[in-house]
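Any read-out appearing in this document is the output of simple, stated calculations on the displayed coordinates, not a laboratory observation. Please read these numbers as outputs of a predicted model, since none were measured by experiment. Cβ coordinates were reconstructed from backbone atoms using ideal geometry, including for glycine residues, and neighbour counts include every protein chain displayed.
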Amino acid sequence: MNPVISSDIAAQLIALLAVLMLVVQLLLVVQRMLLTSIRLFAVQSLFLAGIGGVVASFHGAVHVYVVVALTLAGKVLFLPWLLDRQVRRMRIVQEIEPLVNFPTSMLLCGGLTVLGYVVARPFTALERLGNNTLAVALTLVLTGFFLMINRRKAITQVLALLTVENGVMLAAVALTTYGMPLVVELCIFFDVLVGVIILGLLVYRIRETFASMDVSKLSQLKG
Amino acid sequence: MTSMHLLTLLLAVPAAAGLACLPLRSRRAMAGLNVLAFGVTLALGLGLLRRVLAGGPVTEGGGFLRADALSAWMVLLIAIVSLATALDAGRYFQRDLAAGVITPGRLREFFVLTPLFAAGMFLVVLADSLGVMWAAVEATALSSVLLVALYNRRTSLEGAWKYVMLGGLGLALALLGTVFIYAAACKNNPLPFPSFNWSHLMTVAPQLDPRLVRLAFVFALVGYGTKAGLAPMHTWLPDAHSEAPSPTSAMLSGVSLKIALYALLRFHILSSACLGAGFSRQLVLALGLLSLFLAAPFILVQDNLKRMLAYSSLEHIGVICVGIGLGTPLTIFGALLHMGYHALTKPVLFFAAGNLHQSYHTLEFRGIGHGVMVTLPVTALGLGLGAVAAAGLPPFGLFFSELTVIGGGIAAGQIAVSVLLLAALIACFGGLLLQLTRILPGQPKVARAHDGRAWDGVPAMGLLLGGLLLFSVWLPPPVLAVLHQAADIIGGRP
């Protein structure tokens, strides 16, 4: 157990990477191009993997390296590639006008960030590594929800769900240092992978049937 | 007996059956394999019941899998509903295939995914780790979403999309709740990876940080509550249940909702052990009552048979939650019993609705019109008996379980809750029976030629209705014992 870096630097690095994740999330909220959105998600996952890397090298925890490797392979490379391919195959370039326009969205997300910090406040003492990480994680979850409500393209909704998942995984690191036991992490990873593949299938079928990926057209079922 | 890997087999048999259907081409073979697999799982479930009663909780795989009385009860429900579904699916899809409504590829999808869906549900109730349990709930959502979208119609895609998106959001929140519980387990624990097993957490529950546990329960309630179809997170439920093929609707309504409720129950038991029972109980009670009162008007105004049945499921989930929320041994017992009776009743209604759909090509009451009793007498009998049972009339068991919950509530001095429950039940009762009088009696406007399918669905409906009638008048002692033990687990009296 030889820590490669000192605990102080590790904490600061984690806080920095977490804030970078949040910055990427806010960029996502105001991003209209689908391909760029997918890349932004990949970058956000890269930062999450970076946090895992810092935890792993600081604590010399082998199992966290496994999780980092899975995150890199799955969320930084495979899923973005998959979504990218799908978007290209469907020839859809950009998101239509969101329900709430971009400046207002930005303001709302600022509000959600404050909310995240307020909710996380009683628990900051519990964090073992890095301040503010939990607050950022909760903010990621909240803004992910907002992103999902605000967008109408099915692919963007899938991305929103994935950022929510990133937020939850960040919360796990913030609260428990090492994240969850390996078997649980493996199960979650597998679920996310299969989930996106299935969602992709569904999006493809929606696109074929409706000649559109606009989920606001899915509005026949009422009552 | 100890060398038998019951729990592992319970997971492996349906999973293997699902995968074995991948290369098969014949519908008969796939349906037969499904029936066989679920027959075996039912036998395994009965074996598990015996072992749990004889020697307490069973663990396997180094504590990875664990079954106590509550799990054993859920295993039985999953197995019997899956078996009935497999029995019904063969002939149901034969007709769809002949009508060209689905392709052989989609048909294979059904017979592959349904056993995997069931295996996922078995894992939910058998996994000891709360993290694995979460992943298993997610797996059931993922394996069932393509089943909901099987017909590939516009509306079924819409139903599936709403199901998977709302379910996904709910499960993300449930995962956050799961993380909070693990954080509570990690706090003040020198080990880097303390056990995430529910059975271990129960032993340390009083020492867990109450703030974290409270937060965890709220997230789990909203998250798993969404998947369980609790109001106000139920909006996906009527869409998914009405758009899925009828055998899938039967699985979703008969067991899948209760599996999500089971996941919530594990959190409820844990948080009761940490915080005292009041906190989580009152929340469950409030959502249960809300579901009941939301279901009643929607049952009355529905124009679509399967949507109405979906709202009736919302009602019954509400009854179960009220029973759990009242929290006395009697009401919890009633709630568990209600789960069982409902699992036997609701699939019958969906099978009958499937027959109607295939004969009339619509589920709208107006489109079906009067005279189902004349046109499809056997289906009408199944629908009628199922509806009488679901409405809570004697001699069917739901009457007794509802009475147990209400009576238990009155005995516990919760007069207001009991009266509210009774009022909602009467409203749902009236709504359900009134709606069915729109289609069952009378003379059909258009004389329909008998299409030689009068006996469709009899094996599946007969199995469930027969079981319901039998168990309504006579509960076998082992079932009674396992119910009492399960009620003790939920009530915190191990």
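Here are the numbers for the structure shown:
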quantity: Tail weight of P(r) past 22 Å, computed on alpha-carbon pairs of the range A:132-216, percent; calculated: 37 percent
quantity: Net charge over other residues, Cβ less than 12 angstrom from the Cβ of A:LEU202 (K, R count +1; D, E count -1); calculated: +1
quantity: Long-range tail of P(r) for the range A:18-57 (Cα pairs > 15 Å, %); calculated: 39 percent
quantity: Mean projected area in nm² (Cα convex hull; one quarter of hull surface) for the range A:48-173; calculated: 8.4 nm²
quantity: Two-site FRET efficiency, B:ARG25 against B:LEU469, from Cβ-Cβ distance with R₀ of 60 Å, rounded to 0.05; calculated: 0.95
quantity: Coarse-grained scattering of the range B:1-103 at q = 0.14, 0.24 Å⁻¹, given as base-10 log I(q)/I(0) from a Debye sum over alpha-carbon atoms; calculated: -0.60, -1.23
quantity: Theoretical ellipticity at 222 nm over chain B - DSSP helices of four or more residues, -39500 (n - 2.57) apiece, nearest 500; calculated: -25500 deg cm²/dmol
quantity: For the range B:216-369, fraction of C-alpha pairs farther apart than 23 Å, in %; calculated: 35 percent
quantity: Ranked B:ASP88, B:ASP96, B:ASP456, B:ASP303, criterion: other C-beta atoms within 10 Å, fewest first; calculated: B:ASP303, B:ASP96, B:ASP456, B:ASP88
quantity: Net charge contributed by nearby residues that have their C-beta within less than 13 Å of A:SER219 (K/R +1, D/E -1); calculated: +2
quantity: Nearby lysines by direct alpha-carbon distance to B:LYS306 (threshold 27 angstrom, same-chain neighbours under 8 apart not counted); calculated: A:LYS217, A:LYS222, B:LYS162, B:LYS227, B:LYS258, B:LYS346, B:LYS445
quantity: Contact order normalised by residue count of the range B:1-78, Cα under 8 Å, 6+ apart, percent; calculated: 31 percent
quantity: For B:192-204, mean number of other protein chain Cβ atoms within 10 Å; calculated: 2
quantity: Hydrodynamic radius by Kirkwood, which averages 1/r over all alpha carbon pairs of the protein assembly as shown, in angstrom; calculated: 26.0 Å
quantity: Student exercise, chain A dipole from Lys, Arg, Asp, Glu Cβ charges, in Debye to nearest 20; calculated: 760 debye
quantity: Rounded D (µm²/s) - the range B:387-494, Kirkwood Rh over Cα pairs, Stokes-Einstein at 20 °C, 1.002 mPa s; calculated: 125 µm²/s
quantity: Cα-based Rg and Dmax for the range B:92-188, where Dmax is the largest Cα-Cα distance (Å); calculated: 17.0, 64
quantity: Order of B:TYR151, A:TYR65 - criterion: other Cβ atoms within 10 Å of each residue's Cβ, fewest first; calculated: A:TYR65, B:TYR151
quantity: Dipole magnitude of chain B, debye to nearest 20 (Cβ charges: Lys/Arg +1, Asp/Glu -1, about Cα centre); calculated: 500 debye
quantity: Test item: Cα-centred dipole of the protein assembly as shown, Lys/Arg +1 and Asp/Glu -1 on Cβ, debye; calculated: 1200 debye
quantity: Alpha-carbon gyration tensor eigenvalues x 5, square-rooted, for the range B:6-490, Å; calculated: 35, 26, 20
quantity: Net charge, B:HIS342 excluded, C-beta distance under 11 Å - Lys, Arg +1, Asp, Glu -1; calculated: 0
quantity: Ranked B:PHE350, B:PHE217, B:PHE196, criterion: other C-beta atoms within 10 Å, fewest first; calculated: B:PHE196, B:PHE217, B:PHE350
quantity: Rel. contact order, % - alpha carbon contacts under 8 angstrom, at least six apart, the range B:6-490; calculated: 16 percent
quantity: Cα centroid separation, the range B:272-291 to the range B:116-153 (Å); calculated: 25 Å
